[in-house]
Structure formats: structure tokens, C-alpha cells
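First comes the structure, then the notes that go with it.
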Amino acid sequence: MHDQLNEAFAWLRDAVMADPNPDAATRRGWLNALADGLARRQGEFVAAIDADFGGRLAHETLFAELFVTVSALRHSASRLKGWMKRRPRSVPLPLQPGRAWVQPQPLGVVGVIAPWNYPLQLALCPLACILAAGNRVLLKPSELTPRTTALIAALVTEVLPPGVVTVVTGGLDMGERFSRLPFNHLLFTGSTRVGRMVMRAAAENLTPVTLELGGKSPAIILPGADLDGAAADIAYGKFTNAGQTCVAPDHVMLPRTEMEPFVAALKARVQAYFPAEMSNVFGERGRQRAGALLSEAVERGVRVESLAASAHALIDPPDDLAVMREEVFAPLLPIIPYDRVEDAMERVRRGERPLAMYLFGRDRALIDRALDQSWAGGVTVNDTLIHVAVDSLPFGGVGPSGMGRYHGQDGFDNFSHLKPVFQRGWPRTDRIIRPPLNDLHRRLLRWLVG
């Protein structure tokens, strides 16, 4: 297996050496082939993910996996020619005549490590900007979703030429060896704990990394907000995929006087969106963890409101509970009342910077103040999750929630070397200030320095 991994990497590196800067038509062909293949095999992916999860709503897979990924691929394919163009830069008067520009250039071989919670989207969506930038990809999907991983490998082999994307499989040992390869860039999506391990391994080769992690993403309901609308959006954003979404609302903060109306509205919306069933909590370990978080809250006397069969709201839990210290990543929603907006903002600032934040309100000045006074990787106002699906917006975290970004042109730039170029023009007046110095040189230099 070790030899196979090295051989796969060497094969892609040879492909880069043979064609280091694929043209726009080639890159567009890669992107459209993936998008067409996904559209053609969407039913197979819905079935594979449902089987891997032991039950997952088809709607969630179609929207959050297939739509988001195909949209990103099409977005890059339609815009990459413009992204690839030289970008002129100004040249100061003392350095003229001459021209300056930035020239995007592929990095080479990019490694991608994808997690299980969105096994299709988080494996193939990054390829929308990595391939648009002209790179080759060594992709390691999650070993915990074997049917989906096998289908991804089959799709890539079917629709792409050899030497563009290679899929490798394996568990923790494979992930460790994968991270130590001398990639030109490495993208990891997963937990903060494993992200630290990946970054340490990549540092051996000074490999630059993009880390997409997670954290406790707050939803803040501001005074005067549409409470029913906020409940609807939070219910959908939180309990889609059984709460196992890195940008799901982790907890809600709202005015104390709005607590009971919000809980009632939330319960009605959860039952309307998920009338018969919810997607399952993934794996035995995930179910045990979710049960332990809930049990601890019950043992500590926290008020628990059942919203659906496996979805619960935890009312004003103390900060020392595990559900308040860790990213929840389960169908449990802590709801925390506040007396002043400033208290909610201070709570966000005190904590580790989250991957996302959600603001609900009607007062533009209050929304702007909240945006200005808090940190988060990305924000949606009066909805949840949707900023991730806007292809023109970058996606990425801050500090413990990640580093680097992808999606759209920001992702293209992240996976490109933006090579600065300066070209001298004529006449070569710069040569008159070279040694040996005389009085004219000194006067010119004094003028340049000011």
C-alpha cells in the first residue's frame, strides 16, 4: 500500500512535468466531465450515501451534495478563462518604463483529504477550483463511507483522462502517510484535532495547507427579528444531516423574553421539515457520543425539549457541559438567553473563532454592528448555511476553525501561484543611476528618496 501511494503521487507529478500549465479548454473539459458525470449518476450517489449512512434523506443528498458540487464545477468552468488572464499592476514613475503583472500558474500536485459527513461534496467540490487552477489531484475520500468512495473512484476513472485525479483509499495510517507526501498544496477537511496532526505532518516538507475545520458556530437572534422565520431557518440548518454539518448552527442566542415563543416555533418547524424521519447520526461512535451529550445534560438538570424522534433543544445549559465546550455535531441544539445584545457579542468574541455565524434581525444598524464586532469564517444573515453555496464567495475558517479558502476565484487563487512579473521597457533610463556615482546620481537619488 505504501508503494502504491508513492507510485500514485509520482504518476501525477510526472503528468505535471509533461504538461505543467494546461490550457483553458483542457481544464474546462475536466470540470464539465465531472459535472456531467455527477448529473448522470446522481441516483447512484443518493443510494450509496443512503447505504453508507444507514439512512439519509434523498433531499439532503441531492441539494447539499450533488447540487452544490455540480454548481461549483459549472461556475469554475464558465469563468476560468478570465481567472487565468494576466492581471496588470501599476508601475511607479521612478521604475518606468516597464510593465508589471501577476500571472496565475498551477502549483502542481494537490492533495485532498475529505471527511465522511458530506462524502461527495467535500471530496469533489474542492476540485472545482483546484482543477480550474490547472493542478493534478491525489484524493483520499473517507474510509468510513466505502460505497460513496468506490463510486467517486469509478466516476473519476470513467470521465477524466489518466494523470488528472487519482483516488486512494485507506484508514488512519493511510491518512498519516498521505499528509507526509511532498505535495505542492494540501487541503484537509475535518476536525480541529486531526487538522493539527495533518499540519504537523505537512510541515516536514514545508507543504502549504488549507484546513477546513469547524467549531461552535453561533446563531444570534437580534431584538426585533422575525422569530418564526428564524426558527424555520435554524431548524433546517441545524437538523439537516442530523446536525452533522461543519457550518450548522451549533447553538442559538436570543433575547430572554423570546425563549418560549422560539422553542414552540422551532418544534413546529422541525416536525414540518422532518415529518417521518431524520437522517441518521452516523456510526455507532457518533450515536454513543450524541447520547452521552444528552445524558450529561439530563443528569445536570438541564431542561430538555424533544423536537422530534432524535432532535432535542437544551435550554440554557451551563458552560461546563461537554455540549457547550465541544462542537456539537449532533441533533442537539443549546438555546442560550441573553439580556443585552452586547452580552451575546462578548460571548462570541471570548470563544474560539467559529467557521460560521448566523444573524437574524431587521435592524440594519444592529446587524452591521454585530458583523463589525465579531469574528467568524463566514456569515449568513437571515438564513443558515447558504453562504457556503454562493460560488462567488470564499469559504474558509479563522484560527481553530481553519486557514486558507476555496470556492470560486478565491479558491482558484488559493491553489495557484500568483507569479509576479516585471518587464523592462525602452529607453533604459534606469541605467543612469548605476555606479560609479557622481553628483548627478546623488541628486537623482535624493529626489527619488524624497
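Brief remarks follow.
- Among the GluC sites (Glu not before Pro) in segment 173-276, those placed in a DSSP loop whose Cβ has at most 13 other Cβ atoms within 10 Å are Glu204.
- Segment 137-187: proportion of alpha-carbon pairs further apart than 12 angstrom, %: 65 percent
- Proximal lysine pairs, the chain, alpha carbons under 23 Å, eight or more residues apart or interchain: 5
- Legend: calculated FRET efficiency, Phe67 to Arg193, from the Cβ-Cβ distance at R0 = 22 Å, rounded to 0.05, equals 0.10.
- Of the whole protein surface, Phe329 contributes about 60 Å² of accessible area at a 1.4 Å probe radius.
- Residue-by-residue Karplus 3J(HN,Hα) for segment 390-400, coefficients 6.51, -1.76, 1.60, Hz, glycine and proline x: 7, 5, 7, 9, x, 10, x, x, 9, x, x
- A Stokes-Einstein calculation at 25 °C with viscosity 0.890 mPa s, built on the Kirkwood radius of segment 1-107 over Cα pairs, returns a diffusion coefficient of 139 µm²/s.
- Of interest is the spacing of the C-alpha centroids, which for segment 278-301 and segment 82-109 amounts to 53 Å.
- Charge tally around His59: other residues with Cβ under 12 Å, Lys/Arg +1 each, Asp/Glu -1 each, net -3.
- Globularity ratio of the chain, using Cα Rg and 2.2 N^0.38 Å: 1.13
- Adding -39500 (n - 2.57) for every DSSP H run of four residues or longer, then dividing by how many residues the chain holds, sets the calculated 222 nm ellipticity at -13000 deg cm²/dmol.
- Mean projected area (nm²) of the alpha-carbon convex hull when segment 282-408 is viewed from all directions: 9.5 nm²
- Where trypsin sites (Lys or Arg not before Pro) fall in DSSP loop in segment 345-450, at most 15 other Cβ within 10 Å: Arg362, Arg428
- Each of Leu359, Leu393 has its accessible area taken with a 1.4 Å probe; listed largest first, they run Leu393, Leu359.
- Using heavy atoms of the protein chains and a probe of 1.4 Å, the accessible area assigned to Asp233 is about 40 Å².
- Computed with a 1.4 Å probe over protein heavy atoms only, the accessible area of Met199 comes to about 80 Å².
- Span from the segment 110-151 Cα centroid across to the segment 160-231 one, whole angstrom: 11 Å
- Nearest-0.05 FRET efficiency for Glu352 and Ile432, computed from C-beta distance (R0 56 Å): 0.50
- Per-q log10 I(q)/I(0), segment 197-284, q = 0.14, 0.19 Å⁻¹ (Debye; single scatterer per alpha-carbon; no solvent): -0.62, -0.88
- Two tests apply to each whole DSSP H helix in the chain, Cα reach of 30 Å or more along its axis and mean Kyte-Doolittle hydropathy of at least -1.0, and none passes both.
The values are calculated or read from the model by the stated rules, or taken from the named source; none is laboratory data. Remember, it's a predicted structure, so these values are computed and weren't measured experimentally. For neighbour counting, all protein chains shown are included, and Cβ atoms are generated from backbone atoms with ideal geometry for every residue, glycine included. Keep in mind that these areas ignore ligands, DNA and RNA; they rest on the heavy atoms of the full protein, side chains included. Shrake-Rupley method; radii C 1.70, N 1.55, O 1.52, S 1.80 Å.
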